[in-house]
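So the structure is just underneath, and the comments pick up after that.
The values are calculated or read from the model by the stated rules, or taken from the named source; none is laboratory data. Quantities reported herein were computed from a predicted structural model and do not represent experimental measurements. A quick note on method: Cβ atoms are made from the backbone with ideal geometry, for glycine too, and the neighbour counts reach across all protein chains shown.
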Amino acid sequence: MVYRDLEIARDVQRASFPERPPVIPGLSVASFYKPALCVGGDYYDFLPFRDGAWGIAIGDVCGKGIAAALVMANLQGSLRAQTWQPRSDLERLMANVNRLVWIPLPNISLHHCFTRNINRNLGSSDM
């Protein structure tokens, strides 16, 4: 029973990652994900904003396995929800995500979470 639950969790996590990177003019991107266990706390995503800009997020929760994967799923949902709002600066976006994800989970730590806005023309980006 537990093994089957892990297989389902692995399939759900795989489905939550982008199948392939989006086509963003002027940017060449490749991605690969393989957790140390069935599931893990590593995260990456390409976030389309309503104004045509893109965000790229990369994160890593401390630990491995189901606990880290659950926190990453929460992070992914929170970041994706931010793309429905009018695009704001990254400081505000990450402050919102911090309130949604990390404040309720004080004993979980995030190694890194990097986000970057990429404008359509790639002439400017916000970091």
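Here are some notes:
- Residue selected from segment 77-89 under the condition assigned to a loop (DSSP other than H, G, I, E, B) and not small (Gly, Ala, Ser), by the criterion surrounded by the most Cβ atoms within 10 Å (Cβ to Cβ): ARG87
- Segment 25-60, subset among the hydrophobic types (A, V, I, L, M, F, W, C) and in contact with a Cys (Cβ under 9 Å, 6 or more places away or on another chain), residue surrounded by the fewest Cβ atoms within 10 Å (Cβ to Cβ): ILE58
- Any hit, segment 52-63, residues being under 16 Å from the mean Cα position of the chain (by Cα), among the charged types (D, E, K, R) and at pLDDT below 80: no
- Within segment 57-70, residues that are outside any helix (DSSP H, G or I) have Cβ atoms under 6 Å from residues that are surrounded by fewer than 17 Cβ atoms within 10 Å (Cβ to Cβ) in these pairs: ILE58/PHE114; ASP60/HIS111; ASP60/HIS112; CYS62/SER109; CYS62/HIS111; LYS64/ALA36; LYS64/LEU37, counting only partners at least 6 apart in sequence or on another chain.
- Of the residues in segment 30-46, not one is out of contact with any His (no Cβ under 6 Å at 6 or more places or on another chain), in contact (Cβ under 8 Å) with a residue 40 or more places away in the chain, within 21 Å of ALA95 (Cα to Cα) and part of a loop (DSSP other than H, G, I, E, B).
- Scanning segment 51-101 for residues that are charged (D, E, K, R) and within 23 Å of ALA30 (Cα to Cα) returns ASP60, ARG80.
- Considering ASN74, ASN98, the condition of being loosely packed, with under 15 Cβ neighbours inside 10 Å, among the polar types (S, T, N, Q) and part of a helix (DSSP H, G or I) is satisfied by ASN98 alone.
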